[in-house]
Amino acid sequence: MADYDILIAGAGPVGSALAVALADGRRRIAVVDATTTREPPASDRSIALASGSVRLLQALGVWDVLAAQASPIHRVEVSQRGWPGRTRIDAAEEGVVALGRVVGYAALGQALAAHARAAPGVEWFAPAAVEAADAGDAAIQLRLALAAGEREIDSRLAVAAEGTHSPLRGLLGIGVDEHDYEQTALLLDVEAGGEATTAHERFTRAGTLALLPRGGSRRTLVWAQPAATAAHWQAAAPGELRDEVARLLGGELAPVRLAGAPVAYPLKRVEARTLIAARGAVIGNAARTLHPVAAQGFNLALRDACALAERLLPAADPGAPAVLAEWRRARALDRWLTRGFTDALARGLGHGPALLEGPRAGALLGLDLCRGGRHLLAAQTMGLASGLPRVGTWRPEGAA
């Protein structure tokens, strides 16, 4: 018999979520974590969790830890700067308490990792990394680099969840395709006016701005702009940067105040050429790293991870080719829709000649007048367009 049923390389939010979803006490699960602790960084970025993701985290027993610090999104407004056309999506109209919630990324990762560490059947290797992999008919042999030396183990399935530059993905023989958007995202903590539970997506000639509520006047701003100008604004004086952000957001969100220095992230779409290999699978950013314009990356990854668990739990052999192929097939539509939706926003609505601003604004206005179109857009942004996986009953001792 193999040492483990499933080995998960990467203990970030996606890898930890998979471990929690799989932890039924019957499976032997190994988690390989490159770090020993998960302390929050000095400046914690935020992440928008779609309504569907909140439901999955509730099913996994994790949401209770995050709920008190989560900021609800009751409305989303999508607009073109300088034009009257805009699209509004309201939670009440969609029949949900909130379209989504905003939490700190580090807090999310810590909560999921803590649940995974405490889950039955999970063994944690940290600090550790997978440095070799050799797939056989019944198992995959893996060599781990540990603080105390090397160790060889067998697992019936190895899952790469280490992020965009996943080492295990390469060891499984899975290549990637890259598209450089030639954009950089600047992340800023700001304070702004306007409705405290409204998220904004604003398209401007200077790039696309997403403003996420963090409670009260606190906001997280994600400004995707051409890479050639991002360096200027990252190095600009705080007053100059504040004035430009305020100009782009418009008077309805005044006053605007910066609450920290900007952090820059180059934007590329990185896609694995396949989700599965012999005794292997890839999830999270190891499978697909998306543009942040619609905040779909983690939400898609969580659905992928939970759907994988849904198929692995009843399988006699979790690494069997038929089991992995069925998971890949079942996830194809959701992944295609989400990629297309994100890519269209990143390359279409947010940029292009000024002559297209009017038609884009008109399209937003038309969508706002079409309830059916708004409902489809809401279903996609809430992560409900293709349904949700059925996972999770286990809760750690003392959980509500």
Worksheet item: Between His232 and Ala278, what length in nm is gained on full extension when 0.36 nm per residue of separation is reduced by their alpha carbon distance?
Response: 11.9 nm
Worksheet item: What full-extension length gain, to one decimal in nm, is calculated for Arg45 and Lys268 as 0.36 nm per residue of separation minus the Cα-Cα distance?
Response: 78.4 nm
Fill in: Cβ-Cβ FRET estimate between Thr197 and Ala259, R0 fixed at 22 Å, reported to 0.05
0.75
Fill in: the chain - mean residue ellipticity at 222 nm from DSSP helices (-39,500 (n - 2.57) per run, n ≥ 4, rounded to 500)
-10000 deg cm²/dmol
Practice prompt. Provide the gained length on full extension for the span Glu152 to Ala322, in nm with one decimal, where the gain is 0.36 nm per separating residue minus the Cα-Cα distance.
Written response: 58.6 nm
Worksheet item: If you take the beta carbon distance between Arg390 and Glu178 as r and set R0 to 41 Å, what does 1/(1 + (r/R0)^6) give as a FRET efficiency, to the nearest 0.05?
Response: 0.75
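FYI, it's all coordinate maths here, none of it is from the lab. Owing to the predicted nature of the structure, the values given are computational and were not obtained by experimental measurement. Backbone-built Cβ (ideal geometry, glycine too); neighbour counts: all protein chains shown.
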